[in-house]
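Just below is one structure, and these are the notes that go with it.
The values are calculated or read from the model by the stated rules, or taken from the named source; none is laboratory data. Everything numeric in this text was worked out from a predicted model, so none of it was measured. When we count neighbours, we look across all protein chains shown, and the Cβ atoms used for this are built from the backbone with ideal geometry, even at glycine. What goes into the accessible areas is simple: the full protein's heavy atoms, side chains included, and nothing from ligands, DNA or RNA. Shrake-Rupley method; radii C 1.70, N 1.55, O 1.52, S 1.80 Å.
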Amino acid sequence: LASTVVKWLLADKEGGGENVDSKFGLDTTGLWKPAETIIGGNELGRKVMEEARHSAIQFAQSHGRKPSLAVITVGTLKRYTHASRRVQLYSNHSQSWFTKTDTGRANGFDVTEIQLDAETTTTDKLLSEIYKIRDKVDGIQIMWPFPPHIDSARVFNAVPVEKDVDGIHYIGQTELGKEDAYPPVTPAAAMELMKEYGVNPRGKHAVVVGRSPIVGSPVAYMLRREGAAVSVVHRDVEDDILKE
């Protein structure tokens with residue numbers, strides 16, 4: 001089997017290999033494979049990252065310094081529990097949101113990560129950290145969700161609109177006519193993937209799972225702006241309604 005695989009891998013360089021079974025004689029019946037309806041974003045992600053890197057280079061040439069980002073996190077986020085392993089499996093340290101400092105360094109950005117303790121950090125202390133850093137950086141990202149005792153409205157309002165790289169103010173600013181407001185990254189990525197694969201939501205019924213202020217609500221808003229009829233389902237929706 002090993003020699004057959006080697007022949008197949010070298011086929012493009014050495015010619016031939018067209019008679020090698022692409023399954024190498026293995027029985028693939030019942031093997032799992034991704035559904036054909038799943039949209040892959042790796043290639044588009046690499047393209048966007050390359051565009052960001054070139055943008056950072058141009059910024060540095062114009063301003064004599066790298067563009068800068070502050071990332072503030074309160075406590076340990078559940079989605080980061082297995083961050084290092086997920087980087088190993090799905091990405092690398094120069095292109096992962098789990099390694100923001102390394103990713104920034106590899107692509108021409110200065111990233112400062114501020115980690116605050118969930119138990120001792122009050123709303124006022126978090127606001128103080130934002131006030132200290134916001135005039136020193138070009139962008140601010142406040143990692144969501146917060147511990148329940150944090151006043152999210154006060155925190156979000158402390159982030160200047162022009163430095164709101166996470167799109168906290170996106171819906172409000174867009175409703176006021178500011179079409180170039182920064183969108184939340186995950187919803188923007190979803191819409192860009194749809195565009196890349198020619199998926200037009202106009203006139204279709206879209207179901208959005210979740211209503212968070214930086215993912216569910218903004219993606220529902222974006223889909224409506226593109227002409228879709230949108231239903232939002234979340235933890236408070238009863239099973240009977242979901243079945244309908």
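The C-beta contact set for region 105-127 (first residue free of Cβ contacts under 8 Å to residues at least 40 places away in the same chain, second residue surrounded by 15 or more Cβ atoms within 10 Å (Cβ to Cβ) and of a type outside the set (A, V, I, L, M, F, W, C), distance under 7 angstrom, 6+ apart or interchain) is empty.
Name the pairs whose Cβ atoms lie under 9 Å apart, with the first residue in region 169-184 and of a type in the set (S, T, N, Q), the second not in a loop (DSSP other than H, G, I, E, B), and 6 or more positions between them or separate chains? So the pair list comes out as 173/161; 173/164; 174/221; 174/225. Of the set (1) over 21 Å from the mean Cα position of the chain (by Cα); (2) of a type in the set (S, T, N, Q); (3) part of a helix (DSSP H, G or I), all apply to residue 217 but (1). Residue 7: open to solvent by 100 Å² or more (accessible area, probe 1.4 Å), over 29 Å from residue 164 (Cβ atoms), in a loop (DSSP other than H, G, I, E, B) and modelled with pLDDT under 70, yes or no? Against the criterion (open to solvent by 100 Å² or more (accessible area, probe 1.4 Å), over 29 Å from residue 164 (Cβ atoms), in a loop (DSSP other than H, G, I, E, B) and modelled with pLDDT under 70), residue 7 does not qualify. Taking the criterion of being closer than 28 Å to residue 127 by Cβ, over 15 Å from the mean Cα position of the chain (by Cα) and modelled with pLDDT under 75, the only residue of region 70-115 that qualifies is 81. Among the residues in region 129-140, are any hydroxyl-bearing (Ser, Thr, Tyr) and either within 17 Å of the chain's Cα centre (by Cα) or over 25 Å from residue 59 (Cα atoms) (or both)? No, region 129-140 contains no residue that is hydroxyl-bearing (Ser, Thr, Tyr) and either within 17 Å of the chain's Cα centre (by Cα) or over 25 Å from residue 59 (Cα atoms) (or both).
In the set (1) farther than 28 Å from residue 142 by Cα; (2) of a type in the set (A, V, I, L, M); (3) within 13 Å of the chain's Cα centre (by Cα), the condition left unmet by residue 228 is number (3).
For region 164-178, the set of residues classified as part of a helix (DSSP H, G or I) and either crowded, with 18+ Cβ neighbours inside 10 Å or modelled with pLDDT of 95 or more (or both) consists of 170, 171, 173, 174, listed by residue number.
Mind checking whether some residue in region 105-115 is closer than 22 Å to residue 58 by Cβ and among the polar types (S, T, N, Q)? Yes, that holds for at least one residue.
Exactly one residue among 183, 187 is buried (at least 19 other Cβ atoms within 10 Å of the Cβ) and assigned to a helix (DSSP H, G or I), and that residue is 187. The residue pairs whose first member lies in region 40-54 and is farther than 15 Å from residue 103 by Cβ, whose second member is open to solvent by less than 80 Å² (accessible area, probe 1.4 Å), and whose beta carbons are closer than 7 Å, counting only pairs six or more residues apart or on different chains, are 41/189; 41/193; 44/192; 44/193. Every condition in (1) without any contact (Cβ under 8 Å) to a residue 60 or more places away in the chain; (2) under 17 Å from residue 186 (Cα atoms); (3) assigned to a loop (DSSP other than H, G, I, E, B); (4) open to solvent by 30 Å² or more (accessible area, probe 1.4 Å) is met by residue 145 except one, and the failing one is (1).
If the condition is being surrounded by fewer than 17 Cβ atoms within 10 Å (Cβ to Cβ) and within 22 Å of residue 159 (Cα to Cα), then region 98-109 contributes only 101.
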